[in-house]
Structure formats: C-alpha cells, structure tokens
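Working notes for the structure below.
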Amino acid sequence: MDSTENILENVELSREKRKQKHEHIVDANCSNKVSKKKKKKKKVEPVELVRGKRFSREEDETVKEAVLSYIDKHELGEEGLNMVLKCKKYPQVRNCWKEIGAVLPWRPCESVYYRAHILFERDENRKWTEEECDLVLKFYEKYGPDWRTLGDALGKHRFHVKDAWRRLNVANKKRGKWSQDEYQSLFDLVNMDLRMKAFEERKSKHGMLRDNICWTAISKQMGTRANPVCCMKWYDSLTSPLVAEGKWADVDDYRLLIALDDVDACCMENVDWDSLLEHRPGDVCRRRWNQMVKHLGEQQNGSFAEHVEVLMKRYCPDVLEAREAYYSKPIVD
C-alpha cells in the first residue's frame, strides 16, 4: 500500500480533476437547456416500492447475477464491472441501471445501484489496518467528509469508509458520567448555535431534531463526546420531558430562570410558584425546577440562590429572544 503522503497527494489530484469535470458539465448543461424544447412527460402508474428495508440474501444474489448478466450481454469485457459501477464516466452504459434494476421491480432503481456497489466493492475478509485508520482521520481533518474520493484511493466503498470514521470518532470520545465542565461546555455551544438560528430560515428538513442544532459541529468543539451522545444528553436529560407532554415549552426554561432571578429568594419556600409564570401552573414550574437542579452534580449541595446563579450562567437568558425570533418564523421546506 502507498504511504499516507502519497495517497493524500493522489486524493488532491483526484479532487481537482473532479472539480474541473463538474464545471465543464455545468457549462454544457446550461447551454443545452437553452436549445432543448420541453417534452411531454408520459404518465406512469405508481408502483408500491420497498424502501428502508434490508436486502435479503436472495435479493443480493439476484442483483449480482443481473450485473454480471448485463456485462455479458453487452460484451463489456474485463472492464465491464468498473464501467457499470461508474456508469457516469461511460456514456455507452449510462442508463444500465434501469435494465439491471428491473430484476427487482419492488425496489427503487437507486437502491439497487447502491446495493450493487456495496456487494461488489466490500471486502469482508480484510480488516482495517492501523495505517488506514490513521489516514481516515487525517483525511477528514483536511478535506471533510469526501468519502467517495478516499474510498476510491483505498479501494473501498464510501459507505464503509464513513462507517470506519464513525467508529474511530466514537472510540476517541469519553463515556460514562458527565462532568460539570462538560455540561457547561454543552450549554455554551448549544446557546451559541441557537443565537445564530435567529438570523436563519426555519427549515423542516431536519425536523426530527426539532431545533436543527448542528450536533456534529458541537461535538467537534467539545472534543470529549460523540455527536449522538451530545444530542441525546440535550434532549433526553437537559430538555424537560414536560415538553413532550405539552405542559412546558423549551423557551419556558429561560422565562423561569429570569423570573426566579428577579424574585431574589433565599429558598424555595419563599417563592410564590403559582404566580411565577402567568401561562404555567405553579406545580409544573416547581417540577421543572427540580429537573434542572438534578444535573448540578456536587453543586446541588449549594443554596437556592447559588442554584439560580449557576443555572442562569448555563441557560443564558439572552438566548430567549433569539429562540422566540426563530420559532416565530414560517417553516421553509
């Protein structure tokens, strides 16, 4: 295998060639669009397709046989497999996957295409070497997630390269109990992200992560926890379960702390919880307060006023305005 430096050098050349080719294609497409007339689309009866379900062994064998059969039928020779897998580079086989995908009519053609790549490019008997693992980390630091280019250089499928990076990334992170410094760091980074959201469009693309928070960037900044762990910690532990019950809103955390800071009480008994927030009952406000204090660690032994001070630092009440501005915007698809 080539040294890490040689592979990175080859990757640089490959990326440059792809960039030039892409620019050429874009120019050609722009000129073609001007001259082409609109064609009427034929009506196609909708077919119920199987999506998101693992391919069976029988389907795998069918896909492999269909690919090899196509190569023989069109007499593509020894380079046939490479031509079919990289069909965009070869005009004569550019539409090959319509014919190959027809063997599994219940699967989207694109799914058959990706499955074939995995079947023919994976190497189950060969483990990742220490040098390859080191290269994956160095490559990501320099170029980001351009897994296709690195996969071509290593002779592996890009999905396998991406999975390797994920495993290495998680392996280098801490596990177990969070420190108070980590909690504070997570709050600081999320608050910064939420402030920036106030100036962006509210998109529904990543609706499952309801605030569209960039957990990959936050994990990278923290350096100690993987991005799924940061996400789960925020929503499973630091965000109140009362939100899912419809009894609380994320922005109510900020309103609660601002109100408690204004009261300037010495203990919980001195707080009139029923009049603390106009739109929330006192028992709900108190339940949320107890949930917040739960994650203060050793600082739980402090006074009520000290708890308010620590949590005010974590939640940063000035984020309230940014979050309200973000939620007031219409959702853009």
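The values are calculated or read from the model by the stated rules, or taken from the named source; none is laboratory data. None of the values given here were measured: they were computed from a predicted structure. All Cβ positions, glycine included, derive from the backbone under ideal geometry; neighbour counts span all protein chains shown. Each accessible area value is taken on the protein alone, full model and side chains, heavy atoms only, with ligands, DNA and RNA left out. Shrake-Rupley method; radii C 1.70, N 1.55, O 1.52, S 1.80 Å.
At-a-glance table
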read-out	value
Some residue of the stretch 255-272 being more than 18 Å from HIS307 (Cβ to Cβ) and at pLDDT below 85	no
Residue tally, condition surrounded by fewer than 15 Cβ atoms within 10 Å (Cβ to Cβ) and in contact with a Phe, Trp or Tyr (Cβ under 6 Å, 6 or more places away or on another chain), over the stretch 251-268	2
Of the criteria (1) open to solvent by 30 Å² or more (accessible area, probe 1.4 Å); (2) touching a residue at least 40 places away in the same chain (Cβ under 8 Å); (3) farther than 18 Å from THR62 by Cβ; (4) not charged (D, E, K, R), which one TRP106 fails	(3)
Selected residue (criterion: nearest to GLY155 (Cα to Cα)) from residues of the stretch 89-119 that are among the basic types (Lys, Arg) and over 27 Å from the mean Cα position of the chain (by Cα)	LYS89
Selected residue (criterion: modelled with the lowest pLDDT) from residues of the stretch 32-67 that are loosely packed, with under 10 Cβ neighbours inside 10 Å, among the polar types (S, T, N, Q) and not in a loop (DSSP other than H, G, I, E, B)	SER35
Residue that is farthest from GLU324 (Cα to Cα), among those in the stretch 230-248 that are at pLDDT below 85 and open to solvent by less than 60 Å² (accessible area, probe 1.4 Å)	SER237
Residue selected from the stretch 189-215 under the condition open to solvent by 70 Å² or more (accessible area, probe 1.4 Å) and part of a helix (DSSP H, G or I), by the criterion modelled with the highest pLDDT	MET192
Residues located in the stretch 269-301, provided they are without any contact (Cβ under 8 Å) to a residue 60 or more places away in the chain, open to solvent by 30 Å² or more (accessible area, probe 1.4 Å) and assigned to a helix (DSSP H, G or I)	GLU269, ASN270, ASP274, SER275, ASP283, ARG286, ARG287, ASN290, GLN291, GLN300, ASN301
Qualifying residue in the stretch 14-28 (condition: in contact with a Ser or Thr (Cβ under 9 Å, 6 or more places away or on another chain), open to solvent by less than 90 Å² (accessible area, probe 1.4 Å) and modelled with pLDDT under 75)	yes
Cβ-Cβ under 9 Å pairs, at least 6 apart or on other chains, the stretch 87-101 side under 15 Å from LYS73 (Cα atoms) and of a type in the set (D, E, K, R), far side open to solvent by 100 Å² or more (accessible area, probe 1.4 Å) and at pLDDT 85 or above	GLU99/LYS73
Any chance TRP215 is under 30 Å from GLY176 (Cα atoms) and touching a Cys at 6+ places or on another chain (Cβ under 6 Å)	yes
